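Contents: one structure, followed by commentary.
The values are calculated or read from the model by the stated rules, or taken from the named source; none is laboratory data. This structure is a prediction, so every number in the text was calculated from the model and none was measured. Because the Cβ atoms are built from the backbone with ideal geometry, glycine has one as well, and the counts that use them run over all protein chains shown. When the accessible area is computed, the model is the full protein with side chains, heavy atoms only, and any ligands, DNA or RNA have been set aside. Shrake-Rupley method; radii C 1.70, N 1.55, O 1.52, S 1.80 Å.
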Amino acid sequence: MSSSTRLTLHSMGFSRWLNRSVGFFVFFILDIVDFLLCFTYRTLDFFFESEWKPCYCCPPPEAKQAAAGGNRGRKMIVSEGSGEYSKVVSLTRTKIHLDEISDTLYSRPSLLAKLVKCFKKNAVECSDERSPSTKKKTLLTVNSTVVEKLQRTPRWSDCHCTFCTSWLSSSSSSLFVNVQQPKDNKAQENVVFIHGFLSSSTFWTETLFPNFSDSAKSNYRFLAVDLLGYGKSPKPNDSLYTLKEHLEMIERSVISQFRLKTFHVVAHSLGCILALALAAKHPGAIKSITLLAPPYYSVPKGVQATQYVMRKMAPKEVWPPMAFAASVASWYEHLSRTVSLVLCKNHHLLEFLTKLLTRNRMRTYLIEGFLCHTHNASWHTLHNIIFGSGSKIEAYLDHVRDNVNCDVSVFHGGRDELIPVECSYGVKRKVPRARIHIVPDKDHITIVVGRQKEFAGELELIWRRSSTT
């Protein structure tokens with residue numbers, strides 16, 4: 001081994017050590033800040049909404065008390081195992097099974113939590129010594145399903161602008177679907193576009209739709225959907241945004257509404273999970289699957305899938321910036337709510353400032369997609385779908401490999417810092433017929449934005465190829 005190689009390895013090792021060391025102190029401080037924000041938001045929620053709102057860092061005894069007082073409002077307490085972690089939830093109109101709720105929502109270990117737990121344990125032991133007859137508190141574990149009406153009132157910390165609340169004026173609870181079809185309404189084939197996390201249908205309509213050829217526009221009907229909780233779609237504030245809820249809304253709002261018998265599907269990031277789940281559920285309807293940056297992590301045997309995926313995507317590191325942002329969004333419920341309060345509630349101001357600073361030379365559709373959601377939607381979607389699918393996506397890929405007879409194409413940016421290229425190679429190992437396209441010098445967003453004309457042509461080629469097989 002040459003001296004230069006040894007120097008490089010030593011430098012990489014030092015950088016990794018420095019990143020972890022700095023991260024240890026930074027995230028310990030964030031643990032404390034999030035802990036304080038918990039009490040701050042409880043107070044503010046009670047002040048604005050006249051009700052104590054439980055959160056996922058709520059200790060078990062308090063959660064039990066909240067559940068006991070909230071049964072009249074059709075709330076329930078969710079606990080796991082011994083009941084060490086618990087959460088009071090209000091379930092939506094869709095039936096929810098507990099295996100759809102990711103344990104990462106209420107089990108996100110931190111140094112502060114360990115210290116608090118140790119302190120409480122010592123306090124309980126001392127109390128037991130003084131009072132041996134004291135009974136241990138128990139928690140209610142729910143193993144049934146509950147149905148509740150859709151909660152339509154926005155929370156005080158959500159944006160109340162006409163765009164974000166446009167769904168409230170509609171009697172329908174369907175998703176918003178942006179449709180582009182031939183003028184004679186005689187499309188030969190359908191294409192469903194599913195956006196990624198913190199995005200909207202504009203990710204497709206502002207990039208690809210204008211760049212499809214005249215031939216494609218006259219033969220295909222394009223349907224770009226705003227997922228539940230995003231864009232112009234409903235944003236119920238008591239939904240758990242589970243995989244089942246998202247799938248049922250897409251089926252009702254797209255497949256059933258537009259009577260799709262067959263369709264191509266194009267999906268980005270989070271949308272890839274939904275696309276694979278749709279393919280597994282409707283194998284005969286899928287003509288082709290195109291995945292962009294699929295978040296598939298091969299989970300080692302014996303490892304808890306949800307926790308493994310969360311640590312891979314949000315490693316609690318301060319560098320690179322994308323990893324730090326993902327860690328804050330994933331590990332800290334109240335810090336992420338603060339970010340949502342500051343940015344999402346004021347997205348019109350941010351759009352105005354962006355146009356002002358760039359002299360109106362920059363289109364702001366990405367800002368619209370990134371900020372037009374609620375914290376409840378982003379928090380639960382992140383945990384219940386991206387992390388919660390860690391144990392499901394492998395089965396979906398197996399089903400696509402064995403039961404879905406269609407073309408599978410995967411695109412990934414060579415410089416994607418959020419979802420590594422290895423995820424796409426993992427899809428290839430599970431579905432050998434999948435075609436992998438690694439685009440150099442492109443990241444999680446520029447895999448489409450900035451090369452929309454080229455990518456539109458690539459999609460048309462995939463659809464033509466699928467039609468001839």
Legend entry - Top positive-direction residue, dipole computed over region 304-351 with Cβ charges, set V342, P320, V309: V309
Legend entry - Interchain or long-range residues, amide H under 5 Å from L292's placed H: A267, H268, S269, F411
Inset, instruction - Please sort 419-429, 16-26 by packing, taking for each peptide the average over its residues of neighbouring beta carbons within 10 angstrom, highest first. - result: 419-429, 16-26
Inset, instruction - Would you work out if region 259-350 is rounded, prolate or oblate? Take a ≥ b ≥ c from the square roots of the eigenvalues of the alpha-carbon gyration tensor; rounded if a/c is under 1.5, else prolate when a/b is larger than b/c, oblate otherwise. - result: oblate
Legend entry - Accessible surface ranking that places the most exposed of C57, C344 first, with a 1.4 angstrom probe: C57, C344
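Quote the FRET efficiency, to the nearest 0.05, computed for H437 versus K301 with a Förster distance R0 of 30 Å and r equal to the Cβ-Cβ distance.
Efficiency, from the Cβ-Cβ distance: 0.50.
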Legend entry - Global geometry of region 298-354, whether rounded, prolate or oblate, following the gyration tensor of its Cα atoms and the 1.5 cut on a/c: prolate
Inset, instruction - Would you kindly derive the ³J(HN,Hα) couplings of region 248-256 from the backbone phi angles with the Karplus curve 6.51 cos²θ - 1.76 cosθ + 1.60 (θ = phi - 60°), listing them in order in whole Hz, with x for Gly and Pro? - result: 5, 5, 5, 4, 6, 8, 10, 5, 6
Legend entry - Too-long pairs where the Cα-Cα distance tops 18 Å, listed order kept, from K186/K261; K261/K281; K287/K392; K183/K217: K287/K392
Legend entry - Mean Cα-pair separation over length for region 225-294, i.e. relative contact order, pairs under 8 Å, 6 or more apart, %: 28 percent
